[in-house]
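What follows is a short report on a single structure.
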């Protein structure tokens, strides 16, 4: 999948560094003087940070920064943040670092030429034109302190340095200062996020000081760090992206700029291709049906590749080129698909979004360069349809698990518009497991299992058909790791892309499942869909929590008992209702020595207060317990 | 009889088909494009239909011999998961200007079958990229146009370099190779030693010959060729270590150069003795050890009280660990020089361990460097400088040896970081004397666990756990847990133990490597016991039970490597709840795998309100060969089964 220019995310992190050298006193270098409360949840402490951003003109920003960081242990090393990405539009004027021991004595000075200088290419990408310089230092002892000073001039002003006085878990801040000097009288858009929860003083307009922010401990089910930490967002209302000027008062303006300056003129495709798609869709009246045919055409013709060139990695490769070469990145492929759809009279919009399993929104209130991915939106009366164009196998309109349930920017000719992508409900994200099991008198069994999934659960299961037989077998042995000595005899997989249902039929057996005890067999009837993980326990949870997606599982297992055994004890079932969802299982004796086990488990998405975490954990604990329910068989 | 004939006919058909293939560049056939899946491995996402690699040297008056490597590959892409093969990366060394490696003559096409006709498309300029990855490495990459399911891509390029050393020729990929032709022609002025990876499951045949050339003058060429069919894809397996150790490849080591008169001019390396000497005589190795002035005074103060040589060694090890930190780099040669490393407080493995050797020798201790090939460096195929990439220190006292690696905080005498535990070490006494030494642990590492269980009236369980860990199990536990907070440690301990709460955690000797690591804690377990009807059921090892057999493959091609011999012991004492008696207990059991290479025992007894359980797993030989895999898997599976057996308690009458 496409991740636009990782470097911007990184450079935002790195922007939060500092500047003036005169106002802090010597004690910032002495690790012994750190207040205890700043040390308790921290691997590193920002002792002093001062960053001044000077707006020289709409095509030049200068950042002067000084940052003093004390590192307490090896996990804190990365918080030194002595990293600078650069390219031909970013000029490093100065980079220097000093290392101090625990007592504040200087032990080393690192000049710019002693920083490591490497290509910033990522593994996923075939090509990026960025480079990175970073401080490569092996600490002698902990704690130690690093002062890092830099001055950098940016010619690309579409990305404006933000201020994040803390930007990670287990990092605390003693003093962090941020100031904008506007020498070009360009209007600024700014936004303060989460300031109210942190000790931050506004010295004057666009000048802030944060003091003594304690470290944040990471806890499971935490919503993204972005929604917790304080952040000062800034963007220029008039900016320059490597020679392309823009106006940004709101999303409408900004979207219009993107349309006019980044997209216009990139969507010509050859007449032969137009004819092909017209031919392909001739006689098809329904717009969506035509779109499906074109989407399939695009999937068969192209492939995804990460290439980061062009205007800051933001201008799509022209459609003609994509047509000729058959590959591009998310921008180029979405733009190309848009052109193909246009040829068959299906309007669609280039859509900027954050892609990823965890849900992250484009900030609807703050227009600026955002997002790391591009998809396509086909407006439809009932519900917008979103197309992932980087996958050659994805079903039409399917976005669960990567771009679902989040705000996105539609880039329309008349301007930008914020929309919310499809939300998959519990009923959309189904998993139905059925099984027929024949248990033998030594505790082993043979079974035919069918698993059908839709929505997000489809996303988790599909793709297995492309694995080797050996890996498919391994997959099931991991998937049903509650069964010892499992052997997989037959696998039949069906990926129904039209209805978006994944179905798995597996024939399997185990030579030892029910455990023996004297003349009894002890059997756990939930054989094929067992929850065994209890969420981590926190004695004093600090953060609220969030469940990103709803889902529903239903199970029905029919177990044929061996002739020589009879049922001794069996529970009838249990059920749980909670605000997080519901659970129930039932056990019934049916027919000749046969047992039917049925189970339904629904988990609901939602944002919850930290006080409710214990209840959530109890809910899951009970499920784990009930999923281990045993029945006892005794020899006749 | 019939089947035999059928087989013969099929074999014949295949031969005919094989012969009819045309492997010349550009001669992609319709049959190749029509193929829907690989005939030997139907799940292959792609296959190399043909790989040809030719390495040759040609003479120029200005530069002497220049090496050329001509690579030609034809790759079939069956489905979308194989699309990654349409992007190729070529790594080039950036040396001095004349040795600068270049890629040239890159020709590449994508072939598709459209309406029964072959259409080809050329790699365009837009599809080529060059990038300076680092100071020494340049990456030249290209990505093919119009890649679709079923297409065939074909490319050919030449890499030329002034270097005389030859890169390993890789003969096995993650996808199958149908046909591979390798030809390496080297001028007689350079002597190469050729070896195939003996640990690979595929062994190609090497054919050697000689040929005389007249261009631009008369000399002889040594030729090695490989012509093979059907090299299977390399698939990784859990617990096998570095899978590259099993990849089929041909290595060529430059051993000597002759002068114009064909008389031996320079020898590089041919025996392990010579390799050892060459390394020892380097200014970055032997000469380092002789430097002593810069630490003399400080060292004297440290060892003032130590009398015994091993005591001195341990003091020096601790002193070096406190003074110089490892920068993460391996190396048999000193990177910064031991003096600079000592002053600056950082260095690579050689800086640190040669410093240890130097200090110990300056104190009159019998200490020597030991060359190592780390686990990711694999086991060298033949004597070569590259066969070693790391150095540690050995101290001898009478018949006893102490091996030291001061790069890792929690290593100790004869407890080395896992990266070092590979193959054997080469101890060098001086430039003329060196010998092999065993570096693998022969003493078993032991983890013993005492578990006290009290079953309460509400059928929860509570009690205490105390663990004692020695040698390597202590090393690994310390490496993973000594530097995390107590809270973090507690959370890790609670993970996967069910509905448990752990308290009063105490980690003794967490940093004192001279003693066993000890761990104590208390627990409350809510879901230990099942009450079904009027009986109680539970598996007595509670949360220490092994739930899952990690060996899931039906068969393996590569060994299982546990690295160290170890013993895992549990002593469980259970106090039964009032009003209950034992109705049935699991049976005692002893399992053995292959002449006690591994052994499992399960002993249980009851005594009134108390139950005692002793469970022990011994891995005596940590290296399990593929031929024994099935029986080992079965052995392990029976361990899992045994541990899941339940104790049944019944109510006392009245």
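Considering only the range B:587-601, I want to know if a residue exists there that is more than 12 Å from chain A (Cβ to nearest Cβ) and under 26 Å from residue A:479 (Cα atoms).
No, that holds for no residue.
Being free of Cβ contacts under 8 Å to residues at least 24 places away in the same chain, within 14 Å of another protein chain (Cβ to nearest Cβ), out of contact with any strand residue (DSSP E or B) (no Cβ under 6 Å at 6 or more places or on another chain) and on the phi > 0 side of the Ramachandran plot is the requirement here; does residue B:364 meet it? Lay out the reasoning, then the answer.
On the way: free of Cβ contacts under 8 Å to residues at least 24 places away in the same chain: yes; within 14 Å of another protein chain (Cβ to nearest Cβ): no; out of contact with any strand residue (DSSP E or B) (no Cβ under 6 Å at 6 or more places or on another chain): yes; on the phi > 0 side of the Ramachandran plot: yes.
In short, no.
For the range B:107-129, enumerate the residues that are assigned to a strand (DSSP E or B) and either surrounded by fewer than 17 Cβ atoms within 10 Å (Cβ to Cβ) or in contact (Cβ under 8 Å) with a residue 60 or more places away in the chain (or both).
Hits for the range B:107-129 are B:107, B:109, B:111, B:112, B:113, B:114, B:117, B:118, B:119, B:120, B:122, B:128.
Checking the structure you have, find out if any residue of the range B:54-65 is closer than 21 Å to residue B:123 by Cα, in the same structural domain as residue B:115 (by TED's automatic domain parsing), touching a residue at least 24 places away in the same chain (Cβ under 8 Å) and outside any helix (DSSP H, G or I).
The first filter runs over the range B:54-65 and keeps only residues closer than 21 Å to residue B:123 by Cα, leaving none.
For the range B:54-65, residues closer than 21 Å to residue B:123 by Cα, in the same structural domain as residue B:115 (by TED's automatic domain parsing), touching a residue at least 24 places away in the same chain (Cβ under 8 Å) and outside any helix (DSSP H, G or I): absent.
Report yes if some residue within the range B:567-577 is over 26 Å from residue B:245 (Cβ atoms), assigned to a loop (DSSP other than H, G, I, E, B) and more than 40 Å from the chain's Cα centre (by Cα); otherwise report no.
Yes, that holds for at least one residue.
Restricting attention to the range B:118-155, report how many residues are more than 9 Å from chain A (Cβ to nearest Cβ) and either closer than 19 Å to residue A:328 by Cβ or touching a helix residue (DSSP H, G or I) at 6+ places or on another chain (Cβ under 9 Å) (or both).
Total meeting the criteria: 9.
Using the structure shown, decide if residue B:329 is away from chain A (no Cβ under 14 Å), assigned to a loop (DSSP other than H, G, I, E, B) and surrounded by fewer than 20 Cβ atoms within 10 Å (Cβ to Cβ). Write out each step before concluding.
Details: away from chain A (no Cβ under 14 Å): no; assigned to a loop (DSSP other than H, G, I, E, B): yes; surrounded by fewer than 20 Cβ atoms within 10 Å (Cβ to Cβ): yes.
So residue B:329 does not fit the description; no.
Give me the residue from the range B:553-584 that is within 11 Å of chain A (Cβ to nearest Cβ) and closer than 23 Å to residue B:602 by Cβ and, out of that set, surrounded by the fewest Cβ atoms within 10 Å (Cβ to Cβ).
Restricting to residues being within 11 Å of chain A (Cβ to nearest Cβ) and closer than 23 Å to residue B:602 by Cβ, the top hit is B:582.
Got at least one residue in the range A:63-71 being within 14 Å of chain B (Cβ to nearest Cβ) and at pLDDT 95 or above?
Checked against the condition, which is being within 14 Å of chain B (Cβ to nearest Cβ) and at pLDDT 95 or above, the range A:63-71 yields at least one hit.
Can we say residue B:496 is facing chain A (nearest Cβ under 8 Å), surrounded by 14 or more Cβ atoms within 10 Å (Cβ to Cβ) and either assigned to a loop (DSSP other than H, G, I, E, B) or modelled with pLDDT of 95 or more (or both)?
Here the answer is no, as residue B:496 does not meet what is asked.
Take the residues in the range B:613-654 that are within 14 Å of chain A (Cβ to nearest Cβ) and without any contact (Cβ under 8 Å) to a residue 12 or more places away in the chain, then tell me which one is surrounded by the most Cβ atoms within 10 Å (Cβ to Cβ).
B:641
Based on what the data block shows, is residue A:109 within 13 Å of another protein chain (Cβ to nearest Cβ) and either touching a helix residue (DSSP H, G or I) at 6+ places or on another chain (Cβ under 9 Å) or surrounded by fewer than 17 Cβ atoms within 10 Å (Cβ to Cβ) (or both)?
Criteria met by residue A:109.
Would you mention how many residues in the range A:531-559 are under 19 Å from residue A:484 (Cα atoms) and either away from every other protein chain (no Cβ under 11 Å) or touching a strand residue (DSSP E or B) at 6+ places or on another chain (Cβ under 9 Å) (or both)?
Residues flagged as under 19 Å from residue A:484 (Cα atoms) and either away from every other protein chain (no Cβ under 11 Å) or touching a strand residue (DSSP E or B) at 6+ places or on another chain (Cβ under 9 Å) (or both) within the range A:531-559 amount to 3.
Looking at A:155, A:192, A:179, which one is under 24 Å from residue A:543 (Cβ atoms) and either in contact with a strand residue (DSSP E or B) (Cβ under 9 Å, 6 or more places away or on another chain) or touching a residue at least 40 places away in the same chain (Cβ under 8 Å) (or both)?
A:192
Test each condition in (1) surrounded by fewer than 22 Cβ atoms within 10 Å (Cβ to Cβ); (2) within 14 Å of another protein chain (Cβ to nearest Cβ); (3) assigned to a strand (DSSP E or B); (4) in contact (Cβ under 8 Å) with a residue 24 or more places away in the chain for residue A:465 and report the one that comes out false.
(3)
Which of the residues that make up the range A:608-636 are part of a loop (DSSP other than H, G, I, E, B) and more than 12 Å from every other protein chain (Cβ to nearest Cβ)?
Selection gives A:609, A:636.
Conditions tested, residue by residue: (1) part of a loop (DSSP other than H, G, I, E, B); (2) surrounded by fewer than 18 Cβ atoms within 10 Å (Cβ to Cβ).
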| residue | (1), (2) |
| --- | --- |
| B:139 | no, no |
| B:194 | no, no |
| B:199 | yes, yes |
| B:208 | no, yes |
| B:215 | yes, yes |
| B:222 | no, yes |
| B:227 | no, yes |
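Answer yes or no: is there a residue in the range A:511-530 that is part of a strand (DSSP E or B), away from chain B (no Cβ under 13 Å) and either within 30 Å of residue A:220 (Cβ to Cβ) or modelled with pLDDT of 95 or more (or both).
The answer is no, given that none of the residues of the range A:511-530 is part of a strand (DSSP E or B), away from chain B (no Cβ under 13 Å) and either within 30 Å of residue A:220 (Cβ to Cβ) or modelled with pLDDT of 95 or more (or both).
Take the range B:527-537 and flag every residue that is more than 8 Å from chain A (Cβ to nearest Cβ), surrounded by fewer than 21 Cβ atoms within 10 Å (Cβ to Cβ) and either part of a strand (DSSP E or B) or modelled with pLDDT of 95 or more (or both).
The one that is more than 8 Å from chain A (Cβ to nearest Cβ), surrounded by fewer than 21 Cβ atoms within 10 Å (Cβ to Cβ) and either part of a strand (DSSP E or B) or modelled with pLDDT of 95 or more (or both): B:531.
Filter the range A:549-590 for residues that are surrounded by fewer than 17 Cβ atoms within 10 Å (Cβ to Cβ) and assigned to a loop (DSSP other than H, G, I, E, B) and give the result.
A:563, A:564, A:571, A:572, A:579
Could you grab me the full set of residues in the range A:263-276 that are more than 13 Å from every other protein chain (Cβ to nearest Cβ) and within 15 Å of residue A:333 (Cβ to Cβ)?
Scanning the range A:263-276 gives A:263, A:266, A:267, A:269.
If you scan the range A:362-394, which residues turn out to be within 14 Å of chain B (Cβ to nearest Cβ), buried (at least 23 other Cβ atoms within 10 Å of the Cβ) and closer than 18 Å to residue A:456 by Cβ?
Correct list: A:388 only.
Any residue that is under 25 Å from the mean Cα position of the chain (by Cα), modelled with pLDDT of 95 or more, within 21 Å of residue A:556 (Cβ to Cβ) and not assigned by TED's automatic domain parsing to the domain that holds residue A:353 - is there at least one of those in the range A:478-489?
Yes: one or more hits.
Of all residues being closer than 18 Å to residue A:175 by Cβ and within 13 Å of another protein chain (Cβ to nearest Cβ) in the range A:72-106, which is surrounded by the most Cβ atoms within 10 Å (Cβ to Cβ)? Just the residue, please.
A:76
Which pairs turn up if I take residues in the range B:203-226 that are touching a residue at least 24 places away in the same chain (Cβ under 8 Å) and outside the structural domain of residue B:247 (by TED's automatic domain parsing) and look for partners that are exposed (fewer than 14 other Cβ atoms within 10 Å of the Cβ) and part of a strand (DSSP E or B) with beta carbon separation below 7 Å, at least 6 apart in sequence or on another chain?
Listed pairs, sorted by first residue: none to list.
The values are calculated or read from the model by the stated rules, or taken from the named source; none is laboratory data. Since the model is a prediction, treat every value here as computed from it, not as a measurement. Here Cβ is always computed from backbone atoms with ideal geometry, including for glycine, and neighbour counts include all displayed protein chains.
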